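The values are calculated or read from the model by the stated rules, or taken from the named source; none is laboratory data. These numbers were taken from a predicted model, which means no experiment stands behind them. Virtual Cβ from ideal backbone geometry, glycine too; neighbours counted across all protein chains shown. Surface areas here come from the heavy atoms of the whole protein model, side chains and all, with no ligands, DNA or RNA. Shrake-Rupley method; radii C 1.70, N 1.55, O 1.52, S 1.80 Å.
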Amino acid sequence: MTKDFEPTIVAFLCKWCSSAGSDLAGVSRMKYPPNVIPITVMCSGSVSPLYIFNAFQKGADGVLVSGCHPGDCHYIKGNFYARRRIALVKELLDFIGLESERFKMSWVSAAEGTKYTEIIKDFVKELKPLGPQKKLRRDQ
Amino acid sequence: MVEMEQLQKEAKEILKQGKVKFVIGYSKGSQNLTATPVFIKKPEHTSRLIWDPTCVQNLVKFIVDDKQKQSREKKPDERPVGIVVKGCDSRAINVLIQEKFIDRDDVYILGLSCEELGVVDEKKIAQKLEGKKIEKIEFAKKNNLIVSTKDGEKKIPVKDVLADRCLECKAHFPVIYDQLFGEETEREVKEPYKSIKKTESQSPKKRWDFWKEQLEKCIRCYACRSICPMCYCDECVADSINMAVTAETTAEEKAQKIKWIERSPALSENIGYHLIRAIHLAGRCIDCGECERACPVDIPLRLLNKKLEKAAHELFDYDVGFDHKKPSLISSFKDEDPEDFIR
Amino acid sequence: MKKRIGVFVCHCGINIAGTVDVDKAAKKLAEHQDVEHSVDYVYMCSDPGQNMIKEAIKEKKLDSIVVSCCSPTLHESTFRKAAKEAGINEFQCEIANIREQCSWVHKDKEKATEKAEKITKSAVERVAKNESLEPIGFPVTSRALVIGGGIAGIQAALDIADSGYEVILVEREPSIGGHMIQLSETFPTLDCSQCILTPKMVEVSKHPNIKLMTYSEVQEISGYVGNFNVKILKKPTYVDPDACTLCDDCTEACPVVVPNEFDLGLTGRKAIYIPFPQAIPATFTLDIKNCPGLLPIACGKCADVCEPDAIDYDMEPEVVEEKVGAIVVATGFEQYDKEKMKEYGYGKYPDVLNGLQFERLLSASGPTQGKVLRPSDHKEPKEVVFIQCVGSRDPELHCSYCSKICCMYTAKHAMLYKHHVPDGQAYIFYIDIRSGGKNYEEFVQRTTEEDGVVYLRGKVSKIFEENNKITVWGVDTLTGKEIEINADMVVLAMALTPSKNSQELAKKLKLSTDKDGFLAEAHPKLRPVESITSGMFLAGAAQAPKDIPEVVAQASGAAAKAISILSQEQLFHSPMVAEVNETLCTGCGMCIDVCPYEALSLEQGKAEVNRVLCEGCGTCSATCLRAAVKVKNITPGQIFEMIDASVGG
């Protein structure tokens, strides 16, 4: 059964780097699995921990937060705050026993279409054997 | 050694001089059990103040209450509040100042050093008594407790029943005070994060099983939130029960209110609530243990906060409540913050 | 309030329709309770496509639209404009990116269609809660401030002034001209530096639109693009420039001699001095640090001899406040700190010079009237060693970056030395020769072919004085041989660093700097003259080491950017800015800590947003524990619904 399992990933992409990077993947006609639904936000620094918890609660099997590389943030330093905040969220989710593979952060620049593609491919590959995320999921 | 008489004398003095509007401290427990908070307004009542390892509560919550009450009053008494604090509690005051919820001048701090001790854990005492009902607890000489049950008195060394948080405490003396009672004694803490060690070392599945069992118990009474000195928001983002509705609140605003979690005490909602609470206390919780003490269903809530306290310390070199002039954990960063978890 | 949303799914030929069942997607979206109208069309961005949208808005009385098409970076503005033309607010239009983020990256049509539906639904949920917004307009002060009076500042000031706008040019030193005025001749054409720069300096002083403030420093800056308030400290020169007749009697009377900065200490000057004969403004300055003392007057000799009574010991520092709309920062460079370069004996041996000192030796107006002579004994050096990359390209000990101009000026130095001392020999130690630039490579070739300069590839290990000679030990890495040269003079091509106090100024201007302290541009490729702060532009070596033509080009670029602001009556700012719910705000100030633009402040215990400064990044919103601050049209409430749509709920 898990073989046919197709995970759903919610990806919070910053507008200036990671969303642009995913655009580049598209322009370059790279291929990755359709399991990821992007939500473009202004900055990785604007991703509240509540968004992440909420996505898992609503049944996301994986959540990705992606921003500009340190030093490249369009808003100078938003990604630095994101890095700290996301680290804490990760520690907390790990601690309550959510598989650490389910929550990821990445730096993807506007030039890194390939990297974005790889990240999504690997993410889906890692999530498949885990099966559906039921721990935080609200009963439907 | 903290001289109780000195504490009482200082409290009397500041009340007499009108320096403070009242003093919040500890007095003998009403049922001869652990100490109970007391508000003293008259100098002649200061003899009621006590200090011993049964003074478990964090009284800073009352500062929060007073501040909130003041903001509703037309002509509030703006004199400071005198407050008796332990090391951990003093750090709560620092966080409140850091977050500009109170000014330094709002409080007159009577700081008590726990010295080589700390405060007791009532559950540990109960364990020692194997289920027998406590009739009376008294703090006796040589750091012993004399606990009376129907079977008579039992001597228990305080060290054997100290709360876990005291065993893991990094600063058992106040870091901010107007008057200090007792010594700033150095004490080595070998395992500052001992209580989370076991959970940390387990597999994700084991950890999940543990938390599932614990959080399923939650009845969402919000005692943890009500007793927490850091939970001073008028409206908690986790639920809209106490949504602050004013004359200016529009229907649209009410409709816009996001239900991050449902009110039902289902497991997913309980987890949602406690995750939000824990992450909102990251870099703010000073480990006074009140949430866990107040929990009627014995959820080890401290552990969630302790985990993030540890992360703050180890990842970001941030210790909570030591310096109110520094920016908060999440409103600051360092270039060299770890990012090995980021791809 | 229920909205009337229109959904327009674009085929983009087969770019989208090849992978996404657009018809199915449009029909699926039509089921959404807020969607009144949902259609697909072959090219939404075409004129017929846009007209279709406009007509639908009017006919179906739509109040908001979602166009499901390519990335918003391409056609968001197209469709927002169309929406506006059809009579709805432009911010009621959102783009669902189903091409770059969907059809182009997937193959499975069924799954791609499902995903496209989710992405579109997410945009529908967002637009359902979008507010109608109007761009925030604000007036512009049409004057500019240029900080730094080197060639960069001069060029920028002249360009702006020539376009008809007032410019305040602030220079820290008593004269404008910067480092360029110290140079002898410039590569690769060997134009005399002073000859080409002084006309520009004179033009600055005579220009009706330029207010020149030398011996002045920017003290404080507040405000934002279009409306900066600047406080400039005018240091006292103790000489009234209008009265001064430049008779030079005062310098003869002055008893104090100090090293002359203009000649980098190769000559001396008096405490009252004119930096160099062509200085602008042409007047004397009393250097108070070296004067025996004004209060009480300890000497007074200069005033005694001054016939026009131009010297005024009571002159006070003055703070001038100015309003400007744009700022060009051109604070230039200086040479790497000699204290950090002790291993090459600089500062210890008089005949070890830095590049600028050698420029002064070559200069016809320099300490030796253009003769190359050793500072120690005034003899002509017959063997000169030039060392490149002194402090540059040395990540372990010094600067990791390339200072860019040293290869070329060292070639020029060696060439000019040979022109002055034809029977002398020049050696150049180098790591690589970087001669990118028009006619640069040919210039370097000339130095070896026509002037017989010997290039030695390698680093110098030691320099020491012996028998009145400077012995240079090095290795030629091409032959592997150790080399010892008993030179008469050594010239070090020191690394370029940002000018001193530029860090301090950057802080005042809230400009960011890079790891080496140079001012950081907004984007290394596409916004090289803009700073991250709107309305502040960068010119010259303050941003990175560069040569004169590049500096001039960048200065003109910065000027053009400044003019594009000054020429507007009003500026507009995106209305997608943060807003504070005062009821929820507890005034903790965390949002203020994290705001990169200092757009937030505490007013009576509550956070307040300066809408003009806010760029809408939303970091405040994620930081706020009370959910008291959100960015318009991308609120947590909208994200909440978008998550719902994304996971298929």
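Things worth noting here:
- Just one of (1) within 13 Å of B:Val85 (Cα to Cα); (2) of a type in the set (A, V, I, L, M, F, W, C); (3) surrounded by fewer than 17 Cβ atoms within 10 Å (Cβ to Cβ) fails for B:Cys55. It is (3).
For every residue, the table says whether it meets (1) crowded, with 18+ Cβ neighbours inside 10 Å; (2) at positive phi; (3) under 34 Å from the mean Cα position of the chain (by Cα).
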site	(1), (2), (3)
C:Ser363	yes, no, yes
C:Arg374	yes, no, no
C:Lys379	no, no, no
C:Met408	yes, no, yes
C:Lys412	yes, no, yes
C:Leu416	yes, no, yes
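- When B:Arg284, B:Arg277, B:Arg293, B:Arg263 are screened for being more than 30 Å from C:Val631 (Cα to Cα) and either open to solvent by less than 20 Å² (accessible area, probe 1.4 Å) or assigned by TED's automatic domain parsing to the domain that holds B:Tyr232 (or both), only B:Arg293 passes.
- Within segment C:425-446, the set of residues being over 25 Å from C:Ala541 (Cα atoms) and surrounded by fewer than 19 Cβ atoms within 10 Å (Cβ to Cβ) comprises C:Gln445, C:Arg446.
- Screening A:Lys31 against (1) open to solvent by 50 Å² or more (accessible area, probe 1.4 Å); (2) more than 7 Å from chain C (Cβ to nearest Cβ); (3) under 14 Å from A:Glu118 (Cα atoms) leaves a single unmet condition, (2).
- Residues satisfying the stated conditions in segment A:80-105, i.e. in contact (Cβ under 8 Å) with a residue 40 or more places away in the chain and more than 9 Å from chain B (Cβ to nearest Cβ): A:Arg102, A:Phe103
- Neighbours by Cβ (under 6 Å, 6+ apart or cross-chain): first from segment C:375-403, touching a residue at least 60 places away in the same chain (Cβ under 8 Å); second among the aromatic types (Phe, Trp, Tyr): C:Val384/C:Tyr417; C:Val385/C:Tyr427; C:Ile387/C:Phe429; C:Gln388/C:Tyr430; C:Gly391/C:Tyr336
- Long-range neighbours under 7 Å by Cβ, at least six apart or interchain, first residue over 15 Å from A:Lys104 (Cβ atoms) within segment A:34-59, second among the acidic types (Asp, Glu): A:Pro34/C:Asp108; A:Lys58/C:Asp644
- Qualifying residues in segment C:560-578 (those that are open to solvent by 40 Å² or more (accessible area, probe 1.4 Å) and out of contact with any strand residue (DSSP E or B) (no Cβ under 6 Å at 6 or more places or on another chain)) - the one nearest to A:Cys43 (Cα to Cα): C:Ser574
- Options C:Lys84, C:Lys58, C:Lys111, C:Lys118: the member that is touching a residue at least 60 places away in the same chain (Cβ under 8 Å), open to solvent by 20 Å² or more (accessible area, probe 1.4 Å) and of a type in the set (D, E, K, R): C:Lys118
- In the condition set (1) open to solvent by less than 10 Å² (accessible area, probe 1.4 Å); (2) in contact with a Ser or Thr (Cβ under 8 Å, 6 or more places away or on another chain); (3) within 7 Å of another protein chain (Cβ to nearest Cβ), C:Ala628 is compliant with all but (3).
- If only residues of segment B:314-343 that are open to solvent by less than 60 Å² (accessible area, probe 1.4 Å) and more than 10 Å from every other protein chain (Cβ to nearest Cβ) are counted, the one that is nearest to B:Glu216 (Cα to Cα) is B:Val320.
- Residues within segment C:598-623 that are more than 8 Å from chain A (Cβ to nearest Cβ), of a type outside the set (A, V, I, L, M) and open to solvent by 20 Å² or more (accessible area, probe 1.4 Å), tallied: 9
- Segment C:309-341, residues that are under 31 Å from the mean Cα position of the chain (by Cα) and not in a strand (DSSP E or B): C:Pro317, C:Gly325, C:Ala330, C:Thr331, C:Gly332, C:Tyr336, C:Asp337, C:Lys338, C:Glu339, C:Lys340, C:Met341
Okay, residues lined up against (1) of a type in the set (S, T, N, Q); (2) on the phi > 0 side of the Ramachandran plot; (3) not assigned by TED's automatic domain parsing to the domain that holds C:Arg374:
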residue	(1), (2), (3)
C:Leu478	no, no, no
C:Val490	no, no, no
C:Lys507	no, no, yes
C:Leu511	no, no, yes
C:Asp516	no, no, yes
C:His523	no, no, yes
C:Gly535	no, yes, yes
C:Gln543	yes, no, yes
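- Taken over segment C:225-273, residues that are in the same structural domain as C:Ile532 (by TED's automatic domain parsing) and small (Gly, Ala, Ser) amount to 1.
- Verdict on C:Ser435 being touching a strand residue (DSSP E or B) at 6+ places or on another chain (Cβ under 9 Å) and assigned to a loop (DSSP other than H, G, I, E, B): no
- Of all residue pairs spaced 6 or more apart or on separate chains, those with beta-carbon atoms under 8 Å, a first member in segment B:260-274 that is more than 8 Å from chain A (Cβ to nearest Cβ) and a second member that is surrounded by fewer than 24 Cβ atoms within 10 Å (Cβ to Cβ) and in a helix (DSSP H, G or I) are B:Arg263/B:Glu269; B:Leu267/B:Lys212; B:Leu267/B:Leu215; B:Leu267/B:Glu216; B:Asn270/B:Leu215; B:Asn270/B:Glu216; B:His274/B:Leu215.
- Scanning segment C:387-433 for residues that are among the basic types (Lys, Arg), out of contact with any Phe, Trp or Tyr (no Cβ under 6 Å at 6 or more places or on another chain) and closer than 23 Å to C:His179 by Cβ returns C:Arg393, C:Lys404.
- Per-region count, segment C:447-488, residues surrounded by 15 or more Cβ atoms within 10 Å (Cβ to Cβ), within 39 Å of the chain's Cα centre (by Cα), charged (D, E, K, R) and not in a strand (DSSP E or B): 2
- Scope segment C:543-557; condition charged (D, E, K, R) and assigned to a helix (DSSP H, G or I); matching residues: C:Glu550
- Being surrounded by 24 or more Cβ atoms within 10 Å (Cβ to Cβ) and not hydrophobic (A, V, I, L, M, F, W, C) is a description that does not apply to C:Ser142.
- Tally of residues being assigned by TED's automatic domain parsing to the domain that holds C:Val225, open to solvent by 50 Å² or more (accessible area, probe 1.4 Å) and in contact with a helix residue (DSSP H, G or I) (Cβ under 9 Å, 6 or more places away or on another chain) across segment C:310-325: 0
- Matching helices (runs of 4 or more DSSP H) fully within segment A:35-130 where at least 1 residues are closer than 23 Å to B:Phe210 by Cβ and open to solvent by less than 10 Å² (accessible area, probe 1.4 Å): A:49-57, A:78-95
- Residue tally, condition within 7 Å of chain C (Cβ to nearest Cβ) and aromatic (Phe, Trp, Tyr), over segment A:38-66: 1
- Just one of the listed residues (B:Glu130, B:Glu153) is in a loop (DSSP other than H, G, I, E, B) and free of Cβ contacts under 8 Å to residues at least 40 places away in the same chain, namely B:Glu130.
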